[in-house]
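Let me begin by presenting the structure, written as structure tokens, before commenting on it.
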Amino acid sequence: MKKVIMIKYGELTTKKDNRNFFINTLVKNIEKVLSSFNPVILKDYFRMFISVEDIYIDECTDLLSKVFGILEVCICYFSEDKRIETICDISKSLVSSGVTFKVQTNRSDKSYPVPSMDISRSVGSFLLRNVDNLSVDVHNPQVLVNVEIRKEGVYIYNKGIKGSCGYPTGSLGKALLMLSGGIDSVVAGYLTMKRGVRLDFLYFESLPHTSLEARNKVIELAKVLKKYGNNGKLLVVPFTKIQESIYRDLDNQYMITLMRRMMYRIGQRVAKKRNCLALVNGESIGQVASQTLTSIRVVNDVTNYPIIRPLASFDKIEIMDMARKIGSYDISILPYEDCCTIFVPTHPVINPNLDHARSEEEKFDFSLIDEAIENILIIDLDKESDEEENYL
């Protein structure tokens, strides 16, 4: 008898003819997450089994619960001996005195001579005879004893740990997340990754108006998403000259609108260079002046790239709760301003006029966008040191 980790697939089981592609992508993501534990992975159409040293099982289980594409992570007892007596003996270790329980059997090995219901009855009867103060509750048991009979042996386990569900990251392409230092964008990134999308990160920096501490904050937010299976790079855009030019030369009330139009121009060009299929941001309808439907329409005018807004219909409380859940909230509230919070006009326009925005941009020197893109800094989040940097 030994312990193994069982993976139950989630939504990817709906993929029929493409299921193997999604399973193989999940295997690659798991191998990366567990690389330091030398896992042995066996998989089929319905389950995946991972063997590591027993002392690492709890740590690996926690890591696997953050990998998208997994419905449930279960620590199982495995035995090649499939006799009822062996199943009963192992099951006894999963229940304790004074609880209600239920035995549930899945017999995928149809050559096994005992039907599933008979296995459950035999195990249940054995437990009632050999463990004090047990009672059966088939509707809401405190302990669920799962027995899975497969060709290679029997797996016995209690209820597992809920996984992150969704699709394996990278199974549905790559996108570019516009990552600020705030609460919203990192949550938007998490939700996009959950749908199988791998991310690169685009951060706009306005030194010396913003600080290196603000950049480090964004690096830490990107690393939060890295824990959920993303291996993208962080691209830092030098946005100072563009922002100063808008502030100095263009309509002050339109500053946020014009700034975001420049960001989307840059985002589209960088996305093409990085083979990203869409842009992602943390906008929530009506949350701030730049996120009214009118503003969104005017900003979108500069790009024909798909723009994903996972938080469009979420309110701030819901977004903050998700940020706490994924572990980004305490980083996001660190008091280091990003470029979106500087040069903010006293009365930003809420319903900008598209013709006026285009007219204002006729005064803008668009070579500044070329210059910013040429000097983008790339930070490889997989490196041990943040000093491992180069240029796009």
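Residue pairs whose Cβ atoms lie under 8 Å apart, separated by 6 or more positions or on different chains, with the first residue in the stretch 79-94 and free of Cβ contacts under 8 Å to residues at least 24 places away in the same chain and the second surrounded by 15 or more Cβ atoms within 10 Å (Cβ to Cβ) and not polar (S, T, N, Q), are Ser93/Tyr77.
Within the stretch 117-157, being surrounded by 15 or more Cβ atoms within 10 Å (Cβ to Cβ) and within 18 Å of Phe46 (Cα to Cα) holds for Asn146, Val147, Glu148, Ile149, Arg150, Gly153, Val154, Tyr155, Ile156, Tyr157. With a requirement of 1 or more residues that are small (Gly, Ala, Ser) and without any contact (Cβ under 8 Å) to a residue 60 or more places away in the chain, the helices (runs of 4 or more DSSP H) lying completely within the stretch 252-350 that satisfy it span 293-300.
In the stretch 290-307, which residues are buried (at least 21 other Cβ atoms within 10 Å of the Cβ) and either among the polar types (S, T, N, Q) or out of contact with any Leu (no Cβ under 7 Å at 6 or more places or on another chain) (or both)? Once the filter is applied, which keeps residues that are buried (at least 21 other Cβ atoms within 10 Å of the Cβ) and either among the polar types (S, T, N, Q) or out of contact with any Leu (no Cβ under 7 Å at 6 or more places or on another chain) (or both), the stretch 290-307 yields Gln291, Ser295, Val299. Just one of the listed residues (Leu71, Leu63) is free of Cβ contacts under 8 Å to residues at least 60 places away in the same chain, hydrophobic (A, V, I, L, M, F, W, C) and under 28 Å from Leu12 (Cβ atoms), namely Leu63. Taking the stretch 99-178 and the strands (runs of 3 or more DSSP E) fully enclosed by it, the elements with 1 or more residues that are touching an Asp or Glu at 6+ places or on another chain (Cβ under 8 Å) and on the phi > 0 side of the Ramachandran plot are at 153-157. Consider the stretch 164-195. How many of its residues are small (Gly, Ala, Ser), closer than 23 Å to Arg269 by Cα and under 10 Å from the mean Cα position of the chain (by Cα)? Qualifying residue count for the region: 2. Scanning the stretch 52-107 for residues that are out of contact with any Leu (no Cβ under 7 Å at 6 or more places or on another chain), of a type in the set (A, V, I, L, M, F, W, C) and closer than 19 Å to Lys162 by Cα turns up Ile57, Leu64, Val67, Phe68, Leu71, Cys74, Ile75, Cys76, Leu94.
Every read-out reported here was derived from the displayed coordinates using simple, explicitly stated rules and does not represent laboratory data. In this text, all values refer to a predicted model and were calculated from it rather than measured experimentally. Please note: Cβ atoms are built from the backbone with ideal geometry, for glycine as well, and neighbour counts cover all protein chains shown.
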